[in-house]
Every structure is written in structure tokens, then in C-alpha cells.
Amino acid sequence: MALDYNIIGQRIKQARLAKNLTQEDLAEKIDISVAFLSRVERGNSHINLKRLNQLCGLLDVSEGYILNGASSNSANYLEHEFSDLLKSCSPEKQRLIYNVAKTIAETDENED
């Protein structure tokens, strides 16, 4: 799956706004220019992993959320991924996946 830098930029912007930070505030904290952060938020520039890690730490979001929208803090963080996976499978494979997942879910319930 290719990265969509427009969506990544939107997630960064949303997380920044949720923390009530301006572009100036955030750029200063991770030592980048406001112009660069603006380009990242618009999807026109790519942020390196070191800066992404710093940014995520300041914004209290995971790298996984910024890169693909999955947040392990959310109760339904894999819902979209499972949906996409199932749509790409034949009906036979969907049934197999369902049966395996059901067996695992029932096993967990019996252990509680």
C-alpha cells in the first residue's frame, strides 16, 4: 500500500489543531521551518522518520495513526483494515477468515 502524503498531512494538521498548536509552535518545537511544516501538512513535502517521531511525541499520536490511520488506542482501530482485507478476498477465503476469527474469539471468551 502506497503512502498518501495528502492524508498524512491532514492527520498531522488535525493532531496539531487538537493540541491547540499553531504551525509556528510545532515547527519551533521540532526545529523545522514553518514553510516546511506547511508543505508537509498539504502533502507537498515528506517528513523524515526522526521528525515524525518527534512530532508524534509532541502531539500524543502514534506513528501508525499518522501513516495509516490506525491507532491502537482506539477500540476499533483495525475495523477499516479488516474491511479492506475482506473485500479483497474471495467468498471462500472470507468464510475461512471468519471461522478462524470466530474460533479465536470464542477461545478468548472461554479463558476469561
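The values are calculated or read from the model by the stated rules, or taken from the named source; none is laboratory data. As the structure is a prediction and not an experimental result, all values here were calculated from the model. As a convention, Cβ positions derive from the backbone with ideal geometry for all residues, glycine included, and neighbour counts pool all protein chains shown.
Looking only at residues in the range 20-67 that are modelled with pLDDT under 95, among the basic types (Lys, Arg) and surrounded by 13 or more Cβ atoms within 10 Å (Cβ to Cβ), the one that is nearest to ALA2 (Cα to Cα) is ARG51.
Whenever a residue of the range 72-98 is closer than 28 Å to ASP60 by Cα and part of a helix (DSSP H, G or I), its partners that are modelled with pLDDT of 65 or more and among the small types (Gly, Ala, Ser), lying with C-beta atoms within less than 8 angstrom and at least six residues away or across chains, give the pairs HIS80/GLY69.
Annotation: SER83 fulfils all but one of (1) touching a helix residue (DSSP H, G or I) at 6+ places or on another chain (Cβ under 8 Å); (2) modelled with pLDDT under 90; the unmet one is (1).
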